[in-house]
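S.K.: Take a look at the following structure, please.
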Amino acid sequence: MLCRLVQPETPRPDVASLPPTPLAESKSPPAHSSNNPSNGEAGRPTLPSRPASFTSMTSFPSHPYQFAGPIRKRRSESIFSFDMGPSFSSTKQHEDLFSLDQTNSYQVQLHAKMDRGFFRAEQDWACYRRNYFQVSTTFDVHGVNYLLQGPEVPCLIRRSDQELHQVDYFSIGVSACVSSSPDKKIELIQHTPKRDKGPQMVPKPLPVRAGGNLHLASVGSSHHIVTFERMQFKTATANNGKRRAAQQYYEIVIDLYANTNRGEAIRVASCHSAPLVVRGRSPGHYADSHTRYRSITSPTNEAPPPPQVVMAAERASLPPPPPP
């Protein structure tokens, strides 16, 4: 009687520890085995471990965007990132600015960055003529507290004729020139959002307020930052990749204008970029230029093969004829 009371309390062995039995001898109904995977595993082969299953999924990706992680990570960088590109020189002020009461003189400073399309090639900054690039720029007025006075800086400008004119607003323009000849201008082309299908124009000066931050240039439009997008050089630099001729360079010039109450736009300050090489041909041309140069200039003692050898090699490379 005691054995009969204790027998139901005896722990049953785990199903996983039992030896595998054929699937036909399983007494559980098919519906029950599908709902309870632990009972069906006793009659099935041992499945691979979790890391092995991950490895097999990596070999055969089922998600179409599985390898888009690096691109998504690069585009999700902080909006305050500051991409490195061709640097700009210090600001050169051409005209004097004074406060309205003429007690203080103002010094301005331009800040500019250039990206999207430039790369380093043999210690030079280079780009391709058909590639788009953009320039973002701001300016500061030293000695002005923008939190108290605001971004509008009421001031006077004194020209070389010693006349004072009141400044209504400031604007910033962009242009290009030859590095060794600043007076020789290079035309820039700016495209609309339709790009090649839209009209082309010459970039014009845009109004701007003082006190902008270039680190916020990627956030969006701002009255304190001027961004010239989708620009191209109309012509390429001369002597690209030529070893026996002097390489020509271009420069991007940033100009700050003071627009007076008389409708005049007076250039107040300017800065220019580092020398730039603008290539007009495809990347493959420049990648093979040094190889072609060496093959032409280096002497060789090997004679070309006779025509009979060339014809025999061509016949050997042909596929065999189909069987009859």
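The values are calculated or read from the model by the stated rules, or taken from the named source; none is laboratory data. Predicted, not measured: the structure shown is a model, and the values here were computed from it. Positions of Cβ are backbone-derived with ideal geometry, glycine not excepted, and every protein chain shown enters the neighbour counts.
S.K.: From the residues in the range 247-266 that are closer than 18 Å to GLU152 by Cβ and not polar (S, T, N, Q), which one is surrounded by the fewest Cβ atoms within 10 Å (Cβ to Cβ)?
M.R.: ALA265
S.K.: Right, here's the next one. Any idea how many residues of the range 195-211 are part of a loop (DSSP other than H, G, I, E, B), without any contact (Cβ under 8 Å) to a residue 40 or more places away in the chain and basic (Lys, Arg)?
M.R.: 1
S.K.: Among (1) touching a strand residue (DSSP E or B) at 6+ places or on another chain (Cβ under 9 Å); (2) on the phi > 0 side of the Ramachandran plot, which single condition is GLN123 missing?
M.R.: It fails just one condition, (1).
S.K.: What are the residue pairs meeting all of these: first residue in the range 167-189, first residue outside any strand (DSSP E or B), second residue acidic (Asp, Glu), Cβ atoms under 6 Å, and 6 or more apart or on different chains?
M.R.: SER179/GLU251
S.K.: Return yes or no: is ASP101 modelled with pLDDT of 90 or more and of a type in the set (D, E, K, R)?
M.R.: no
S.K.: Hey, SER179 hits all of (1) over 20 Å from GLN107 (Cβ atoms); (2) surrounded by 17 or more Cβ atoms within 10 Å (Cβ to Cβ); (3) within 22 Å of the chain's Cα centre (by Cα) but one; which does it fall short on?
M.R.: With respect to (1) over 20 Å from GLN107 (Cβ atoms); (2) surrounded by 17 or more Cβ atoms within 10 Å (Cβ to Cβ); (3) within 22 Å of the chain's Cα centre (by Cα), SER179 is out only on (3).
S.K.: Any residue in the range 267-291 that's over 15 Å from ALA112 (Cβ atoms) and buried (at least 16 other Cβ atoms within 10 Å of the Cβ): show its pairings with residues that are modelled with pLDDT under 65 and not acidic (Asp, Glu) at Cβ separation under 8 Å, as long as the two are six or more apart or on different chains.
M.R.: ARG279/TYR286
S.K.: Would you mind finding the one in SER175, SER171 that is among the hydroxyl-bearing types (Ser, Thr, Tyr), over 16 Å from THR235 (Cα atoms) and modelled with pLDDT of 95 or more?
M.R.: So the residue among SER175, SER171 that is among the hydroxyl-bearing types (Ser, Thr, Tyr), over 16 Å from THR235 (Cα atoms) and modelled with pLDDT of 95 or more is SER171.
S.K.: Let me ask something else. For the range 93-143, give me each residue that is within 19 Å of the chain's Cα centre (by Cα), polar (S, T, N, Q) and assigned to a strand (DSSP E or B).
M.R.: Listed by number, the residues that qualify are GLN134, SER136, THR137.
S.K.: Another question about this same structure. Sort out which residues of the range 159-189 are more than 17 Å from VAL268 (Cα to Cα) and acidic (Asp, Glu), and write them in order of number.
M.R.: Of everything in the range 159-189, those that are more than 17 Å from VAL268 (Cα to Cα) and acidic (Asp, Glu) turn out to be ASP183, GLU187.
S.K.: Which ones in the range 212-250 are part of a loop (DSSP other than H, G, I, E, B), polar (S, T, N, Q) and at pLDDT 90 or above?
M.R.: Answer for the range 212-250, where residues must be part of a loop (DSSP other than H, G, I, E, B), polar (S, T, N, Q) and at pLDDT 90 or above: THR235, THR237, GLN247, GLN248.
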